[in-house]
1. All but one of (1) more than 14 Å from Val162 (Cα to Cα); (2) open to solvent by less than 20 Å² (accessible area, probe 1.4 Å) hold for Phe72; state the number of the condition that does not hold.
2. Sort out which residues of segment 139-161 are in a helix (DSSP H, G or I) and more than 12 Å from the chain's Cα centre (by Cα), and write them in order of number.
3. Open to solvent by 10 Å² or more (accessible area, probe 1.4 Å) and more than 22 Å from Gly98 (Cβ to Cβ), is that true of Ala64?
4. Would you mind stating whether Val41 is modelled with pLDDT of 80 or more, surrounded by 16 or more Cβ atoms within 10 Å (Cβ to Cβ) and part of a helix (DSSP H, G or I)?
5. I'd like to check something: does segment 76-98 contain any residue that is in contact with a strand residue (DSSP E or B) (Cβ under 9 Å, 6 or more places away or on another chain), part of a helix (DSSP H, G or I) and over 24 Å from Ser8 (Cβ atoms)?
6. Given the criteria open to solvent by 50 Å² or more (accessible area, probe 1.4 Å), farther than 23 Å from Arg164 by Cα and of a type in the set (D, E, K, R), does Asp92 qualify?
7. Checking Met115 against (1) closer than 25 Å to Phe72 by Cα; (2) open to solvent by 70 Å² or more (accessible area, probe 1.4 Å); (3) in contact (Cβ under 8 Å) with a residue 12 or more places away in the chain, only one condition comes out false. Which one?
8. Can you say whether Gly171 is at pLDDT 90 or above, surrounded by fewer than 22 Cβ atoms within 10 Å (Cβ to Cβ) and among the small types (Gly, Ala, Ser), as far as the supplied structure shows?
Amino acid sequence: MFSNARTSQILLALASQPGERLTVRQIMSVLQDRAFALLIVLLGLPNCLPMPPPIPLVCGLLLALVAIQIVFGREAPWLPRQLLNRSVARTDVERAVGRAMPAFRRLERISRPRMTFLDTPLVMRLMGAVLLVLALGLLFAPPFVGQIPLGLAVCLVGLGLVERDGLVIIGGMVIGAMGMTLSLGFVYAIFAGLESLI
C-alpha cells in the first residue's frame, strides 16, 4: 500500500485514521515495511515542539528500545504487548504531523537516494548506536525547549533512512551533535550546582 509513498504521505495517512485515539498497534500497521525508519521519525516528531515532561523521557526510552534492536540487526521492530495496546489522542497526532508537514515536504523536494553506501546492514547498526546516543540525550535534555535540536536530529535521521538519502542523515547527525552538547551542558550545570551546595 505504501511501498512507493513518501514520508509525508504515510504520516498524513496516519493522522487521518478513524477514531478519537490511535493505538500503537494501529500506528505500526500503517508504517508497515518501513516501520523502523518511520518509527524513528514519529519518536522525534513530538520533540520538535516545546513539550513538557515526561514526553521527552517517554520518547527517549522508546527510541532507546528501537535503537538497541537496530544495533542487534532486527528486521522489524518489536514492542511489548502492553505498549502496543497503549493509545494516543488522534488530535495530538494531527497537531504534530500538521506542524511538521511543511518542513517534510520541503525536504522531500530536495531529497533523493544519494550516498547509498550508508544503506547497508553494517551502517544501519552504526545508525542504531547513533540513535541510542540521541535517545540518552533526550532523557537528560533541558525541559520544554532543550529537546528540540535532538527531536529535529532524530526526525532527519529517520527521514534520511526512509528516503535513502545519506546527506539528510549526516545533517541530522550534525544537529544531533549540537543537541547533545546542549544536553551535556545542562547535566554539567546541574552537577556543578549540586556540588556548590554541598
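The values are calculated or read from the model by the stated rules, or taken from the named source; none is laboratory data. Every value quoted in this text rests on a predicted model; they were computed, and no experiment measured them. FYI the Cβ positions are ideal-geometry reconstructions off the backbone, even for glycines, and counts take in every protein chain you see. Just the protein is used for accessible areas: all its heavy atoms, side chains included, with ligands, DNA and RNA removed. Shrake-Rupley method; radii C 1.70, N 1.55, O 1.52, S 1.80 Å.
1. Phe72 satisfies every listed condition except (2).
2. The answer is Leu139, and nothing else.
3. Answer is yes for this residue.
4. yes
5. yes
6. Values: open to solvent by 50 Å² or more (accessible area, probe 1.4 Å): yes; farther than 23 Å from Arg164 by Cα: yes; of a type in the set (D, E, K, R): yes.
Judged against the criteria, Asp92 is a match.
7. (2)
8. Spelling it out, Gly171 is indeed at pLDDT 90 or above, surrounded by fewer than 22 Cβ atoms within 10 Å (Cβ to Cβ) and among the small types (Gly, Ala, Ser).
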